[in-house]
Amino acid sequence: MGSDGKCGHGGGGCSSGNEHQGGGRDEMNEFLDNQLLSKRMSMIKNKIIVMSGKGGVGKSTVAANIAVGLAMRGLRVGLLDVDIHGPSVPRLLGLADARPDHDEFGLKPVECKVGDAVLRVMSIGFLTSNRDEAIIWRGPMKMTAIKQFLKDVAWGELDFLVIDSPPGTGDEPLSVCQLIPGLTGAVIVTTPQKLAIDDVRKSIAFCNRLNLRVLGVVENMSGFVCPKCGETIDVFKSGGGQEMASDMGVPFLGKVPLDPAVVAAGDDGSPVAASIADGPTAAAFSLMIEPLLTLVNNDGEQIQQKEGAAMRIAIPTAQGSLCMHFGHCEVFTIFDVEDNKVVKTQTLTPPEHEPGVIPKWLSEQKATHIIAGGMGSRAQDLFKQYGIEVVVGAPALAPQNVVEQYLSGSLQCGGNVCDH
């Protein structure tokens, strides 16, 4: 140390001091990057990661069709493909030759027209000069790339960002979960056979470890649809994904058949949700996004379909009166309400009562409310996950009287008679 208090290394200065300054610059750059990332993500109301513990289950097809289905409902939707080594989204959407533009606001996502809607898309597949080129990256490089997709892409304001991740519980899904503030939840994709389900269970465990909400399980390739006669054959069995969802206490979003039309649509770059809207597979995708439409966004507002402003109230009914436990009812009396008045009434027979079945079934019937005498806490959570408001402790009156009192604000509800 010299008499002036400086390091005695001549006029070149202290190398360790330069390192400290460099470290400070790195910290500042990271701070600014995180600020930009948070700003980008704050403009997106719902961020959903589509994942699976098993490869080859059609996860990218499910992610693309969910995104397309949401966009066709008039919502602002982005689709991010973070499968670094095997990006499938460009091919599925007919964008294999697309290249993103860049302006002062950042990298612009590629726009994919879906009917009257526009889907904003980004993938590593847009940025490689040779589609046959292998990307050989270790974990840190993949995390850096994913961070750039999130902070440098000018997504703009979106209702949903659907993120297609590669199979497993490794670098890519972990990076997404760590980088995105306020990640809404995960959609888990499986096929029915035990070989896939054993691995997919790990994805749900992954979400539990990270306190990430599981929005639901999709059972893909559930039965083969014969292109000639339309009969469904259970090639990979059926019901395995539904059973797993029930066992692990998470919602089940539905089954998607193994349909040759899906393969043809994917190869042609035209997702089945848009190109074959009247087929069984498109119908399955349409049903599975219904619960996603009821997610609560970051502003605390509920996202609904354009035509979904009306209220649909379900009353579990037995012997002409409200049944004190929804699972013991004979039928559900359904009331359609507009402008606080009942405009239509119908009765529907529910499926056999098993854990998790009725909440999904009522969601498929587009119910917005259920009024019951008693309901277990787990069932209440499932109804809420499907966006169905729950009222418990209602008296055993005629369903019409229950609804009229509810709409007038005079319904007297007591304690929950079945809180288990």
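Quick rundown of the values:
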{"quantity": "Test: residue in the stretch 203-214 that is among the small types (Gly, Ala, Ser) and closer than 29 Å to Ser363 by Cβ", "calculated": "yes"}
{"quantity": "Where Asp159 falls short, out of the listed (1) in a helix (DSSP H, G or I); (2) at pLDDT 80 or above; (3) of a type in the set (D, E, K, R)", "calculated": "(1)"}
{"quantity": "Long-range neighbours under 7 Å by Cβ, at least six apart or interchain, first residue at pLDDT 90 or above within the stretch 52-63, second in a helix (DSSP H, G or I) and surrounded by fewer than 23 Cβ atoms within 10 Å (Cβ to Cβ)", "calculated": "Thr61/Gly266"}
{"quantity": "Any hit, the stretch 322-331, residues being over 27 Å from the mean Cα position of the chain (by Cα), within 28 Å of Leu75 (Cα to Cα) and aromatic (Phe, Trp, Tyr)", "calculated": "no"}
{"quantity": "Hits in the stretch 238-265 (condition: buried (at least 21 other Cβ atoms within 10 Å of the Cβ), at pLDDT 85 or above and part of a helix (DSSP H, G or I))", "calculated": "Gly241, Gln242, Met244, Ala245"}
{"quantity": "Test result for Leu79, buried (at least 21 other Cβ atoms within 10 Å of the Cβ) and at pLDDT 90 or above", "calculated": "yes"}
{"quantity": "Flag if Lys47 is closer than 29 Å to Asp198 by Cβ, charged (D, E, K, R) and at pLDDT 90 or above", "calculated": "yes"}
{"quantity": "Pairs, first crowded, with 17+ Cβ neighbours inside 10 Å and aromatic (Phe, Trp, Tyr) in the stretch 277-297, second at pLDDT below 75 and in a helix (DSSP H, G or I), C-beta under 7 Å, six or more apart", "calculated": "Phe285/Ala273"}
{"quantity": "Those helices (runs of 4 or more DSSP H) lying entirely in the stretch 330-420 with at least 3 residues over 29 Å from Lys255 (Cβ atoms)", "calculated": "399-408"}
{"quantity": "Conditions (1) touching a Cys at 6+ places or on another chain (Cβ under 8 Å); (2) surrounded by fewer than 16 Cβ atoms within 10 Å (Cβ to Cβ); (3) among the polar types (S, T, N, Q); number of the one not met by Thr317", "calculated": "(2)"}
{"quantity": "First in the stretch 373-387 and not assigned by TED's automatic domain parsing to the domain that holds Ser246, second anywhere and among the acidic types (Asp, Glu), Cβ under 6 Å, 6 or more apart", "calculated": "none"}
{"quantity": "Unique residue being surrounded by fewer than 16 Cβ atoms within 10 Å (Cβ to Cβ), under 18 Å from Val390 (Cα atoms) and out of contact with any Gly (no Cβ under 6 Å at 6 or more places or on another chain) when the list is Pro359, Pro350, Pro355", "calculated": "Pro355"}
{"quantity": "Residue identified as in contact with a His (Cβ under 7 Å, 6 or more places away or on another chain) and over 30 Å from Arg213 (Cβ atoms) among Ala318, Ala398", "calculated": "Ala318"}
{"quantity": "Residue, modelled with the lowest pLDDT, within the stretch 321-344, restricted to residues that are of a type outside the set (D, E, K, R) and surrounded by fewer than 13 Cβ atoms within 10 Å (Cβ to Cβ)", "calculated": "Asn340"}
{"quantity": "Candidate set from the stretch 87-116 (those that are under 26 Å from Leu253 (Cα atoms) and small (Gly, Ala, Ser)); member that is surrounded by the fewest Cβ atoms within 10 Å (Cβ to Cβ)", "calculated": "Gly115"}
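The values are calculated or read from the model by the stated rules, or taken from the named source; none is laboratory data. The structure presented is a predicted model; accordingly, all values stated were derived computationally and were not measured. Don't worry about glycine lacking a Cβ; one is built from the backbone with ideal geometry, like all the others, and counts go over all protein chains shown.
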